[in-house]
There are 2 protein chains.
Amino acid sequence: MTSEAALVEHWRSLLTSYNEVACHLERALSEAHGLSMSEFEILDRLVTQQCEKRRMQDLAADMYLSQSALSRAVARLEKSGLVSRALCEADRRGVFVTLTAEGLHRHTAARTTHLSVLASHLQAQDTRR
Amino acid sequence: MTSEAALVEHWRSLLTSYNEVACHLERALSEAHGLSMSEFEILDRLVTQQCEKRRMQDLAADMYLSQSALSRAVARLEKSGLVSRALCEADRRGVFVTLTAEGLHRHTAARTTHLSVLASHLQAQDTRR
DNA sequence: GAACACTAGATGCGTGTGCATCCAATGTCC
DNA sequence: GGACATTGGATGCACACGCATCTAGTGTTC
């Protein structure tokens with residue numbers, strides 16, 4: 001009984017925290033760098049794991065996006081010149097995604113914004129609690 | 001420096017948790033009860049705070065939805081007969097939203113699904129950590 | 001090696017969202 | 001009391017999403 005209430009409470013708090021931060025992030029990244037949150041997350045993944053994988057799959061694996069959403073997001077990034085797609089010779093169904101120089105540059109710039117939003121809205125929540 | 005990493009780590013974990021649960025919730029509620037997550041949250045708010053407020057505003061206040069999203073969600077709920085809108089006589093711009101009998105019924109049914117999804121996907125995350 | 005199942009990723013479609021704007025009702029100020 | 005700002009909510013629009021489906025490449029089985 002009480003555990004149910006606690007569960008719901010937990011969920012609501014998660015919901016609120018997430019939306020608060022996500023909303024600010026989305027706005028800040030978009031205004032300052034023309035990136036959506038998902039797009040930034042993709043760039044961020046690419047920067048972090050610079051090994052050679054059959055990207056689309058692997059990206060999707062540790063992200064929250066659906067396969068189709070990822071496909072389109074990468075398409076957008078490519079169109080903006082932040083990323084390039086190259087097909088994998090070993091398995092010609094696969095597609096490699098790699099950062100371009102400009103993509104790296106954009107990510108570096110956006111990272112600052114990202115961190116500052118997290119600092120003001122994510123930490124604030126913790127101390128507020 | 002390390003605090004930055006911790007911050008990002010925190011955010012990623014929030015992001016993952018949220019999407020995991022939200023995705024399952026959305027699906028389960030939709031399949032079993034024809035409700036979206038937001039719609040359920042609205043019903044839930046209405047059940048919890050059964051006082052007489054000038055709803056739209058107050059609903060929006062402690063929810064994460066934008067004003068326009070809320071307006072449409074309520075419109076959908078009304079169309080399905082789960083909620084009714086009545087204009088407020090005191091301030092004729094305001095709109096009261098109230099649960100119908102069917103809305104209450106639907107909420108009760110959906111609540112079970114809601115709790116069970118939270119139990120399996122929210123608690124699971126905690127113990128897994 | 002031909003038929004069949006499976007996998008990687010792209011795409012058509014319907015839908016929910018935020019933003020900007022609009023409309024009507026309320027305040028406010030002279 | 002008439003002009004102007006403000007507020008509550010609805011709506012047009014553009015867009016990102018998930019689902020289902022499609023295409024092309026890869027395995028498998030006989």
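Coordinate-derived values only; no laboratory data. Just so you know, these numbers come straight off a predicted model, no measurement behind them. Here the Cβ positions follow ideal geometry from the backbone for every residue, glycine too, while neighbour counts run over all protein chains shown.
Across the copies of the chain, A:Arg72 has label points (7 Å from Cα along Cα→Cβ) spaced 1.4 nm apart, shortest distance listed first. Shown for the range A:1-71 is the translational diffusion coefficient from the Stokes-Einstein equation, using the Kirkwood radius over Cα pairs, a temperature of 20 °C and a viscosity of 1.002 mPa s: 149 µm²/s.
Rounded to the nearest 0.05, what FRET efficiency is calculated for B:Leu115 and B:Ser13 with R0 set to 22 Å and r the Cβ-Cβ distance?
Here the calculated transfer efficiency is 0.45.
Calculated translational diffusion coefficient of the protein assembly as shown (4 °C, 1.567 mPa s; Stokes-Einstein with Kirkwood radius over alpha-carbon pairs) equals 63 µm²/s. Here A:Ala101 yields copy-to-copy label distances, from shortest upward, of 7.3 nm, the label point defined as 7 Å from Cα along Cα to C-beta.
Return the equivalent ellipsoid semi-axes of the range A:38-84 as a descending list in whole Å, where each equals the square root of 5 times an eigenvalue of the C-alpha gyration tensor.
Numbers: eigenvalues 41, 35, 18 Å².
The answer is 14, 13, 9 Å, longest axis first.
Round to the nearest 0.05 the FRET efficiency obtained for A:Glu26 and B:Ala6 when R0 = 35 Å and r is the Cβ-Cβ distance. So, using R0 = 35 Å, E works out to roughly 0.95.
Between this copy and the others, label points of A:Glu20 are 2.2 nm apart in ascending order, each placed 7 angstrom from Cα in the Cβ direction. Ellipticity at 222 nm from helices only: DSSP H runs of n ≥ 4 in chain B, each -39500 (n - 2.57), divided by the residue count, give -22000 deg cm²/dmol. For chain A, the ratio of Cα radius of gyration to the globular rule of thumb 2.2 N^0.38 Å stands at 1.25. With the simple model of a label 7 Å out from the Cα in the direction of the Cβ, A:Glu89 to B:Gln123 spans 5.4 nm.
Using a Förster distance of 30 angstrom, determine the FRET efficiency expected from the C-beta separation of B:Thr108 and B:Arg72, and round it to 0.05. It comes to 0.80.
Annotation: extensible slack from A:Gln49 through A:Ala61 equals 3.0 nm (criterion: 0.36 nm per residue apart, minus Cα-Cα distance). Chain B residue nearest the axis that carries B onto A, by Cβ, with distance in whole Å, is B:Tyr18, 2. Bridging of B:Lys79 to lysines at a Cα separation below 24 Å is possible for B:Lys53, once same-chain residues fewer than 8 apart are set aside.
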